[in-house]
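Before anything else, here's the structure in question.
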Amino acid sequence: MISDIQQDAATRMGKSIDALKHEFSKIRTGRAHPSLLDQISVSYYGTDSAISQVANIAVEDARTLTITPWEKNMVQTIEKAIMKSDLGLNPATNGMVIRIPLPPLTEERRRSLVKVVKQEAENGRVAIRNIRRDANSEIKEALKEKMISEDEARSAEEKIQKLTDQYVKEVEKLLEAKEADLLSI
């Protein structure tokens, strides 16, 4: 019973860390990376699809992405979708290939991205604390229904707290790494 609650909490906290990593990957640093375009979707035969589903995305060099659509009629659709996105990118098309030069980040933009990263990290910490709260309430419920003793409940809550501390430290490590990545020129 108690081990099930702890295992569930650990699994959910791990998923929170994965979600945080995914959010961090969306926030661009100075380097080109295909995941920058993950949240942009285009209309493909009436269905919204990710750009990676209708084109090949490659890194040409450290500051340039290239997109090669599988169909010629998708070039303009993809180009418009990139311009409409809030990424501030200006695609340049020559025939079937769309090139996206990534402008260097200004100091001001880096600072604002650090604020966004800190907010995402705080959201991750809150999610982990919410999971701790849920696990502790399950333990208290089991104690109330006399399925476990008070000593077992106290021990389980301490283990859940240690688990929470471990995952919050992981969030801090991710935050430090992303912050250093953003502030390095």
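Select one label from (i) 14.8, 43; (ii) 22.3, 72; (iii) 15.9, 52: the one whose number is Rg and Dmax of the Cα atoms in Å as derived from the coordinates shown.
(ii)
Give me the percent relative contact order of the chain, please, defined on Cα pairs under 8 angstrom at least 6 residues apart. Before the final figure, lay out each step's value.
On the way: 207 pairs, mean separation 47.7, N = 185.
Result for the chain is 26 percent.
Measure off 7 Å from each Cα along the Cα-to-Cβ vector at D151 and Q166, then give the distance between these two points in nanometres to one decimal.
2.4 nm
Sticking with this one: Considering every pair of different Cα atoms, what Kirkwood radius, in Å, is found for region 34-101? Show your work: numbers first, answer last.
Working: mean 1/r = 0.0851 Å⁻¹.
Across region 34-101, the inverse of the average 1/r is 11.8 Å.
Additional query: Among all the lysines, which ones have a C-alpha under 20 Å from K178's C-alpha, if same-chain residues fewer than 8 places away are not counted?
K15, K21, K26, K115, K118, K169
Moving on to the next point. In debye to the nearest 20, how big a dipole does the chain give about its Cα centre with +1 on each Lys and Arg Cβ and -1 on each Asp and Glu Cβ?
Details: 29 positive and 30 negative charges, 118 e Å.
The dipole of the chain has a size of about 560 debye.
For a quick check, take a GNM of the chain with Cα springs below 10 Å and name the residue from N136, N123, N73 with the largest mean-square fluctuation.
Of the options given, N73 has the highest mean-square fluctuation.
Which listed residue (S41, A81, A58) has the Cα farthest towards the positive end of the charge dipole for region 34-101, taking +1 on Lys and Arg C-beta and -1 on Asp and Glu C-beta about the Cα centre?
Selected residue: A81.
How high is the relative contact order of region 34-101, in percent, with contacts defined as C-alpha pairs under 8 Å that are six or more residues apart?
Details: 99 pairs, mean separation 18.3, N = 68.
Taking the mean separation of contacting Cα pairs over the length of region 34-101, I get 27 percent.
FYI, it's all coordinate maths here, none of it is from the lab. Source: prediction; values computed, not measured. Ideal geometry is used to build each Cβ from the backbone, glycine not excepted, and the neighbour counts take in all protein chains shown.
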